[in-house]
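**Q** Quick one: the structure is below, and I'll ask about it shortly.
Laboratory data are not the source of any read-out in this text; all were calculated from the coordinates shown. Note that the structure is predicted; figures quoted are calculated from it, not measured. Positions of Cβ are backbone-derived with ideal geometry, glycine not excepted, and every protein chain shown enters the neighbour counts.
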Amino acid sequence: MGHLTLDEVVQAAEEFRPEERAALVTRIQATLHDREDQGLTRESIRAEFERRKAAGVFDHVKSMRNLYADPNVDISEEDSRTYLHNIGTEWEKD
């Protein structure tokens, strides 16, 4: 069986009788509850990431690095670190 898109599944389900649609919804909901009961683990998330990476999902992602950089801004690395430290610890002053 090949990979089906969501639209293809919906289109096929539209041809079902009402009781078949209800049975489909019940079965899908049951699988969702089963997954919720298992809970997410670091290992399952990592495995899903690796699966998607191997499938090439991230191959053509556009980098956002320097996409919004302003060449007219001149700030030193030290000033940048100081600023980030200050905003990160501002809550301690309250």
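**Q** I want to verify the translational diffusion coefficient of the stretch 38-94 in µm²/s; compute it with Stokes-Einstein, Rh as the Kirkwood radius over Cα pairs, at 4 °C and 1.567 mPa s.
**A** The calculation lands on 82 µm²/s.
**Q** Which one of Trp91, Gln29, Ser63 is farthest out on the positive end of the charge dipole of the chain, using unit charges on Cβ (Lys, Arg +1; Asp, Glu -1) and the Cα centre as origin?
**A** Gln29
**Q** Follow-up question, since we're still on this one. To one decimal place, what Kirkwood hydrodynamic radius in Å is obtained for the stretch 1-58 from all pairs of distinct Cα atoms?
**A** Values: mean 1/r = 0.0712 Å⁻¹.
So the Kirkwood estimate lands at 14.0 Å.
**Q** About its Cα centre, what dipole magnitude does the chain give when the only charges are +1 on Lys and Arg Cβ and -1 on Asp and Glu Cβ, stated in debye to the nearest 20?
**A** 380
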